Amino acid sequence: MKLKLILFISTVVLILLSIFAVFFYAPIEATMGIVQKIFYFHVASAYIGFLAFGVVFVMSILFLWKKNITFDNWACSSAEIGVLFTTLVLLTGPFWAKPIWNTWWTWDPRLTTTLILWLIYIGYLLLRNMIDSPEKAARISAVYGIIGFVDVPIVYMSIRWWRSMHPAHVMIMGGKDSGLDPRIFQVLMLSLAAFTFLFITLLLMRVQIEKMKQEVDSLKREV
C-alpha cells in the first residue's frame with residue numbers, strides 16, 4: 001500500500017512537472033508554432049499504447065504457457081489501458097494535423113495502421129465480453145492478443161516502408177536530420193516518464209479491480 005501511494009504521488013508530480021515544462025520551458029517550434037505543444041502528449045500516448053499492447057503480448061504468451069489466470073488479468077487490464085491511450089493518439093493527432101496539413105484526417109499509412117491497431121484491440125475487448133466461459137475467453141483472447149501485436153511494429157515502421165505525410169521518427173531509428181532541440185528533447189523525455197508512471201499506476205489499479213471482480217464472481221458461484 002505504501003509503495004502504491006509513493007507511485008501515485010510520483011505520477012501526479014511528474015504529470016504536473018511535464019505540463020509546466022511543455023508550456024513554460026519547451027520553446028515554441030519555429031515551423032509549426034504553438035500547436036506543436038500537442039506533440040508531447042501525442043507521442044507519449046503513442047508510446048504508452050505500444051507499451052500496453054506489448055504487455056498484452058507478453059502476458060498472453062505467459063498465460064498460454066503457464067495456464068495461470070493472473071497473467072490473463074494483466075493482459076486484459078493492459079489492453080484496456082492501451083485502447084485508452086491509442087484513443088488519445090487518434091484524438092490529438094487531428095488537432096495537430098489540421099493547422100499543418102490543412103485536414104483533420106488523411107488515409108496516411110501511419111494514421112491508417114494506427115486506426116487498425118485501435119480496432120484490433122477494441123475487438124480484443126469485445127471478444128472477451130462475448131464469451132461466457134472465463135477460461136475460454138482467456139485462452140482465445142491470449143491467441144488474439146499475440147496475433148494482434150503484429151500491427152505494432154507495422155505502425156512504427158509505416159513511415160519508412162511507405163510514403164507518408166507523418167513526421168519522421170525523432171529518436172529510435174530516426175534517420176538523418178530527425179534530431180530535436182535539446183529543450184524539446186528534455187521535455188519529451190519528462191513527458192514519457194510521466195506517462196510511464198501513469199501507465200504503471202493505472203495498470204496496478206486495473207489488475208486489482210480485476211482480481212476483486214473474480215473473487216466476487218467466485219463467491220457468487222459458491223452461494
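The values are calculated or read from the model by the stated rules, or taken from the named source; none is laboratory data. The structure presented is a predicted model; accordingly, all values stated were derived computationally and were not measured. Virtual Cβ from ideal backbone geometry, glycine too; neighbours counted across all protein chains shown. For the accessible areas, the whole protein counts, side chains as well, though only heavy atoms, and no ligand, DNA or RNA atoms are used. Shrake-Rupley method; radii C 1.70, N 1.55, O 1.52, S 1.80 Å.
For the chain, the longest principal axis of the alpha carbon atoms and the long axis of helix 109-130 meet at an angle near 20°.
The mean sequence separation of alpha-carbon pairs under 8 Å and at least six residues apart, normalised by the residue count of the chain, gives a relative contact order of 31 percent.
Of the heavy-atom accessible surface of the chain (probe 1.4 angstrom), what whole percent is carbon and sulfur? Don't skip to the end; give the middle numbers.
Values: 9150 of 12740 Å².
For the chain, the apolar C and S fraction of the accessible surface comes to 72 percent.
Taking Cα atoms only, the orientation of helix 182-222 departs from the longest principal axis of the chain by about 20 degrees.
Taking Cβ atoms as reference points and 11 Å as the exclusive limit, the residues near residue 117 contribute a net charge of 0, counting Lys and Arg as +1 and Asp and Glu as -1.
About the Cα centre of the chain, what is the dipole size in debye to 20, counting +1 per Lys and Arg Cβ and -1 per Asp and Glu Cβ, all else neutral? Intermediate results must be reported in sequence, preceding the final value.
Working: 19 positive and 13 negative charges, 39 e Å.
Roughly 180 debye, rounded to the nearest 20.
Compute the signed sum of charges (Lys and Arg +1, Asp and Glu -1) over the other residues within less than 12 Å, Cβ to Cβ, of residue 204. Could the numbers behind the result be given before it?
Values: positive: 4, 206, 211; negative: 210.
Value of the local net charge: +2.
Tally Lys and Arg at +1 and Asp and Glu at -1 over the other residues with C-beta under 12 Å from the C-beta of residue 77: what net charge comes out? Walk me through the numbers on the way to the answer.
On the way: positive: 128, 206, 211, 213; negative: 72, 80, 210.
My count for the surroundings of residue 77 gives +1.
Just the number please: accessible area per residue for the stretch 11-164, 1.4 Å probe, all protein chains included, in Å².
Details: 7850 Å² over 154 residues.
Heavy-atom SASA per residue in the stretch 11-164 reads 51 Å².
Between residue 29 and residue 65, the FRET efficiency estimated from the beta carbon spacing at R0 = 41 angstrom works out to 0.35. Considering only 97, 138, 44, the Gaussian network model of the chain with Cα springs below 10 Å gives its largest mean-square fluctuation to 97. Between residue 127 and residue 101, the FRET efficiency estimated from the beta carbon spacing at R0 = 41 angstrom works out to 0.75.
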